[in-house]
Amino acid sequence: TDESQRLDVWMDGECALCQKSKAWCEVRDRDRRLTFKDFRSANESDLPVGFEDLESSMWVRDRNGTLLQGFAAGLRLMGELPRWRWLAQLASLPPFALIGPVLYRWIAANRRPFPRSV
């Protein structure tokens with residue numbers, strides 16, 4: 001795997017929806033480019049952004065230090081999954097590019113009620 005393509009994915013380890021999303025991605029990450037990190041169990045000095053920002057959104061950091069959050073982070077993550085790159089490309093086009101960030105923020109803000117069996 002090209003080291004420059006690896007991504008750190010900062011997510012909420014206490015969130016059932018986040019855990020299910022992580023599991024879904026790991027099965028499809030055949031090149032092992034994604035490293036999931038639970039911001040709740042990390043040292044504060046290792047966090048890419050403040051705790052409050054991590055609480056409200058998923059973050060992705062590439063090896064160049066580029067940070068993406070929310071919907072943009074999801075697109076980048078999806079773009080690393082070989083059979084799902086087409087979806088990342090499609091979702092980056094209108095109208096999905098306009099609706100996606102709004103939908104992502106709503107899901108992120110309301111993720112706690114999702115049951116463990118999601």
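The values are calculated or read from the model by the stated rules, or taken from the named source; none is laboratory data. Bear in mind the structure is a predicted one, so any value in this text is a computation, not a measurement. Backbone-built Cβ (ideal geometry, glycine too); neighbour counts: all protein chains shown. These accessible areas exclude ligands, DNA and RNA; they are computed on the full protein's heavy atoms, side chains included. Shrake-Rupley method; radii C 1.70, N 1.55, O 1.52, S 1.80 Å.
Just the residues that are of a type outside the set (S, T, N, Q) and assigned to a loop (DSSP other than H, G, I, E, B), please, taken from segment 38-59.
Matches in segment 38-59: ALA42, LEU47, PRO48, VAL49, GLY50, MET58.
Spot the failing condition for ARG76; the list is (1) basic (Lys, Arg); (2) out of contact with any strand residue (DSSP E or B) (no Cβ under 7 Å at 6 or more places or on another chain); (3) modelled with pLDDT of 95 or more, and only one is missed.
The failed condition is (2).
Output the residues belonging to segment 31-75 that are of a type outside the set (Gly, Ala, Ser), closer than 13 Å to GLN5 by Cα and surrounded by fewer than 16 Cβ atoms within 10 Å (Cβ to Cβ). Talk me through it step by step, then tell me what you get.
Filtering segment 31-75 for residues of a type outside the set (Gly, Ala, Ser) gives 31-40, 43-44, 46-49, 51-55, 58-64, 66-69, 71, 75.
From the residues that got through so far, the ones that are closer than 13 Å to GLN5 by Cα too are 31-35, 60-64, 66.
Of everything in segment 31-75, those that are of a type outside the set (Gly, Ala, Ser), closer than 13 Å to GLN5 by Cα and surrounded by fewer than 16 Cβ atoms within 10 Å (Cβ to Cβ) turn out to be ASP31, ARG32, THR35, ARG63, ASN64, THR66.
Could you please let me know if ASP8 is in contact (Cβ under 8 Å) with a residue 12 or more places away in the chain, open to solvent by 60 Å² or more (accessible area, probe 1.4 Å), acidic (Asp, Glu) and not in a loop (DSSP other than H, G, I, E, B)?
Here the answer is no, as ASP8 does not meet what is asked.
Do any residues in segment 17-35 that are closer than 13 Å to GLY79 by Cα and in contact (Cβ under 8 Å) with a residue 24 or more places away in the chain have Cβ atoms under 8 Å from those of residues that are of a type in the set (Lys, Arg) and not in a loop (DSSP other than H, G, I, E, B), where the two are at least six apart or on different chains, and which pairs are they?
What qualifies is ARG28/ARG83.
For segment 60-92, which positions are assigned to a strand (DSSP E or B), of a type outside the set (A, V, I, L, M) and within 21 Å of GLU14 (Cα to Cα)?
Correct list: ARG61, GLN69.
Pick from ALA88, ALA97: which is at pLDDT 95 or above, in contact with a Phe, Trp or Tyr (Cβ under 9 Å, 6 or more places away or on another chain) and not β-branched (Val, Ile, Thr)?
Values: ALA88 fails: in contact with a Phe, Trp or Tyr (Cβ under 9 Å, 6 or more places away or on another chain).
When all the criteria are applied, what remains is ALA97.
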